[in-house]
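The values are calculated or read from the model by the stated rules, or taken from the named source; none is laboratory data. If you're wondering where the values come from, they're calculated on a predicted model, not measured in any experiment. As a convention, Cβ positions derive from the backbone with ideal geometry for all residues, glycine included, and neighbour counts pool all protein chains shown.
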Amino acid sequence: MKVLSTALLLSYSFLSSFVHANDLTNANEIITNANLAAYYAADDGSAQARMVIVDAQGNKQMRQFTILRKDQEDLGNQDMLVFFSRPTDVQGTVFRVVKKVTSDDDRWLYLPALDLVKRISAGDKRTSFVGAHFFYEDVSGRNPAEDNFTLLKTDDRFYTLKAVPKNTNSVEFDHYIAHIDKNTFLPMQVDFYSSQGKKTRSLAVLKTKVIDGFTTVMHSKITQHSDGSYTEMQFRKVKYNLGLPDNIFSERSLRNPPKAWLK
Amino acid sequence: MHKSAMSIVSIVFCIFVTCQSMASDIEKSEDDWSDDDWSEEVVSPWRFSGFAEAGYGYLLQSNIVQTNSPLSEITARFNLDYSAESFELVSKGELIYDDVLSNTFWKTRELHISFSPSNNTDIKLGRQILTWGTGDYIFLNDLFAKNWQSFFSGRDDQYLKAPSDSAKGTWYIGDYAIDLTWTPEFTPDIYLTGERFSFYSPQAQSIVAPADSFSVQKTKRAQWATRVSTNRNGVEYAFYGYKGFWPTPVGMTENKHQSQQLQAYFPKMNAWGASIRLPLAGGLFNVEYASYNSIEDNRGKSPTIANGQNRFLLGFEREVIKDLTASVQFYLEQTKHFDAFIAHSPIPKLAVDKNRQLLTLRLTYTALQQKLIYRVFTFYSPTDNDGYLKPSITYRYNDLWLFSAGANLFWGNEKHTFFGQHQQNSNVWFRIKAQF
């Protein structure tokens, strides 16, 4: 009897994929999955990244860096190190973050020309990350606890959610709409709106790739609609589950980068 | 202009042209961005970079110094690094034409090798920049060499730190990091001498600009500094120790060559201190203490040797509105043995307050995707009734060109106080930099 019921259940779920009965209906569950997919893939990872920053006049700037990340636990605190290699005036600059879910992140910037470990105050999460259109928060991930989510629409490809910040004073937008891929749970398009309902800023994923079983954003773009300026970010040499030791996420790595993990 | 100046101008011109062509290469490679994959880079252990920079400054008042331009120089910087599996070699040098000195010379900024002889040990040997402590333009436990001439003339902030030829070891034991630096030959600050800026002489009781005739008795003895630091849940604690000399010549001694005459020198000084830095109220809070023991004048009775001090600092920084960060500091400098100091001071009315106080405010506003940065830093001393305003604008046109302009404005009621003595040194400056 038990065997039969299992068989029935299996066939039912098989059918359900056609009628979308498997679709998630709880906005928070979708966001949790999206957060996992976008920021917590595997237990750790490394990647090389570059950004091209294009202003309203079309002038370009470039930033190139290597990222190391380790999760203390899924959906929990994370350690991150960002080592800059280009342009030459930021070469050797290292950015260290301890992302904390229940309190402000700890952030440091190492400036090699001064041998200075500068601590960065936590309040400015929505400040440009090294001159790019990406904010610090876009790089390390906005804490889902900061917003209230509602599911607007579910279609063949996307869950469309609306997010309204709990504390509107802490952000420059009124709300944002995220289109989350139903299969991978990656947010593929996020549009930020002003209180006048005008689209001010958009994040678009341009390319993904499956690496070690994790669908990974390889190319994304943030556009500032007020003047058409934008930043594109591209990744390469993405690796997961490297077994990064805990102790490299420390002040030591700012002055003495862990070369073995940066190749 | 000097012949050597002409040659450096031509070198700098070549660098600019090279930069331009490199910039167009960057453009080209960016245009290939539609390609799915990056072209594989050739990974070389060598890394070369640098910049060319021209800077000019102008004194706003007539001054007794020879020049009315404290900054007038062209610099070509070359960085060459070599990265191996087991060590890292860093070299940074500058070819400078300095119009104030009417001279062209080479300056080695950094030349050091670093390696890790064991899992928990890092060693760095050679000419290097050393920094620690929590102050912003105020130094308590950071007794490493500073370049005050650069600071006052509007050179880039990195030049505030002067290099020293040192050995630095860092040991990581548990959650603690222990740093020990040894500078075999004491490296003093690059203090004001009178070439670019004038200053107050307590002996002459007037503003002086001795320049070449400012003779200081040098010391070749060693200097040690140590720090023990740890981070507990985002709160940073550090303890410091120092054995060496005052970083500026705050003592007077008999001139070895011309008796009867006094000569400035660096009295011995030991120090210890502590600091805490932590996130608080959406910003950062720091507190630091240092005790300076002027061991040649333990009781504060010698008028020719600086007294010991207690130094205390409180600071808070946070973003006020988007892209505007403010930081405030309160600094207290207490003269130890103040009664003895006054009793033995030749001119007590010119003596510094027992508790000299300083308030600072830094405002940083960034615009145009951080390409345009407005900064203003103010020092104000309620006890000395003087101050120092340091505004600047930096514009990063692209990854190649950087333009900046600013001012160093001093004010005060009297000519003998810390900032008041520099009133005639107030200046404006601008700089153009091309990076490659």
Per the filter on region A:60-78, residues of a type outside the set (Val, Ile, Thr), at negative phi and more than 12 Å from chain B (Cβ to nearest Cβ) are A:PHE65, A:LEU68, A:ARG69, A:LYS70, A:ASP71, A:GLN72, A:GLU73, A:ASP74, A:GLY76, A:GLN78
Selection over region B:196-209 where residues are out of contact with any helix residue (DSSP H, G or I) (no Cβ under 8 Å at 6 or more places or on another chain) and buried (at least 16 other Cβ atoms within 10 Å of the Cβ) yields a count of 3
- Item | B:LEU314 within 13 Å of another protein chain (Cβ to nearest Cβ), surrounded by fewer than 17 Cβ atoms within 10 Å (Cβ to Cβ) and within 27 Å of B:THR360 (Cα to Cα) | no
Within region A:139-152, residues touching a helix residue (DSSP H, G or I) at 6+ places or on another chain (Cβ under 7 Å) and not in a loop (DSSP other than H, G, I, E, B) come out as A:PRO144, A:PHE149, A:THR150, A:LEU151
Checked against (1) more than 27 Å from A:PHE129 (Cα to Cα); (2) surrounded by fewer than 19 Cβ atoms within 10 Å (Cβ to Cβ), B:GLN424 satisfies every condition except (2)
Cβ pairs under 6 Å, 6+ apart or interchain, first in region A:238-253 and surrounded by 15 or more Cβ atoms within 10 Å (Cβ to Cβ), second assigned to a loop (DSSP other than H, G, I, E, B), ordered by first then second residue, are A:TYR240/A:ALA42; A:TYR240/A:ASP212; A:ILE248/A:PRO258
Notebook entry, point to check: Just a yes or no: is a residue in region B:279-291 more than 11 Å from chain A (Cβ to nearest Cβ), surrounded by 16 or more Cβ atoms within 10 Å (Cβ to Cβ), of a type in the set (D, E, K, R) and within 18 Å of B:LEU359 (Cβ to Cβ)?
Noted result: yes
By residue number, the members of region B:422-436 that are in a strand (DSSP E or B) and modelled with pLDDT of 95 or more are B:ASN427, B:VAL428, B:TRP429, B:PHE430, B:ARG431, B:ILE432, B:LYS433, B:ALA434
Scanning region B:367-421 residue by residue, those within 14 Å of chain A (Cβ to nearest Cβ), part of a loop (DSSP other than H, G, I, E, B), of a type in the set (D, E, K, R) and buried (at least 20 other Cβ atoms within 10 Å of the Cβ) turn out to be B:ASP399
Per the filter on region A:161-195, residues loosely packed, with under 15 Cβ neighbours inside 10 Å and either in a strand (DSSP E or B) or not charged (D, E, K, R) (or both) are A:VAL164, A:ASN167, A:THR168, A:ASN169, A:SER170, A:ASN183, A:SER195
Quick check on A:LEU151: is it over 18 Å from the mean Cα position of the chain (by Cα), in contact (Cβ under 8 Å) with a residue 40 or more places away in the chain and surrounded by 19 or more Cβ atoms within 10 Å (Cβ to Cβ)? yes
If you go through A:ARG96, A:ARG63, the only one that is in contact (Cβ under 8 Å) with a residue 40 or more places away in the chain, farther than 21 Å from A:PRO245 by Cα and surrounded by 20 or more Cβ atoms within 10 Å (Cβ to Cβ) is A:ARG63
Counting only strands (runs of 3 or more DSSP E) wholly inside region B:205-299, the ones holding at least 1 residues that are within 30 Å of B:THR170 (Cβ to Cβ) are B:223-232, B:235-245, B:268-280, B:283-293
Is region A:83-103 home to any residue that is touching a helix residue (DSSP H, G or I) at 6+ places or on another chain (Cβ under 7 Å), aliphatic (A, V, I, L, M) and more than 11 Å from chain B (Cβ to nearest Cβ)? yes
Worksheet item: Hey, any hits in region B:302-317 for a residue that's within 23 Å of B:PRO391 (Cβ to Cβ), touching a residue at least 24 places away in the same chain (Cβ under 8 Å) and over 24 Å from the mean Cα position of the chain (by Cα)?
Response: no
Flagged in region A:216-234 as more than 12 Å from every other protein chain (Cβ to nearest Cβ), surrounded by fewer than 17 Cβ atoms within 10 Å (Cβ to Cβ) and not small (Gly, Ala, Ser), in numbering order, are A:HIS225
Counting only residues that are acidic (Asp, Glu) and more than 27 Å from the chain's Cα centre (by Cα), region B:318-355 contains a total of 1
Output for Cβ contacts, cut-off 8 Å, separation at least six or different chains, first residue within 12 Å of another protein chain (Cβ to nearest Cβ) in region B:91-116, second polar (S, T, N, Q) and part of a strand (DSSP E or B), reads B:LYS92/B:ASN79; B:LYS92/B:THR108; B:GLU110/B:SER91; B:GLU110/B:GLN128; B:HIS112/B:GLN128
Pairing a residue in region B:352-364 that is closer than 15 Å to B:TYR388 by Cβ with any residue that is of a type in the set (D, E, K, R) and outside any loop (DSSP other than H, G, I, E, B), where Cβ atoms lie under 6 Å and the two sit 6 or more apart in sequence or on different chains, gives B:ARG356/B:GLU333
Here the qualifying pairs (Cβ atoms under 9 Å; residues six or more apart or on different chains; first in region B:145-156 and more than 22 Å from B:GLN223 (Cα to Cα); second among the hydrophobic types (A, V, I, L, M, F, W, C) and assigned to a helix (DSSP H, G or I)) come out as B:SER150/B:LEU160; B:PHE151/B:LEU160; B:ASP156/A:ALA113
Checked B:LEU130, B:LEU140, B:LEU80 against criteria (within 13 Å of another protein chain (Cβ to nearest Cβ), touching a residue at least 24 places away in the same chain (Cβ under 8 Å) and closer than 30 Å to B:TYR380 by Cβ); the one match is B:LEU130
Within region A:109-138, the count of residues that are assigned to a helix (DSSP H, G or I), more than 10 Å from every other protein chain (Cβ to nearest Cβ) and free of Cβ contacts under 8 Å to residues at least 12 places away in the same chain comes to 0
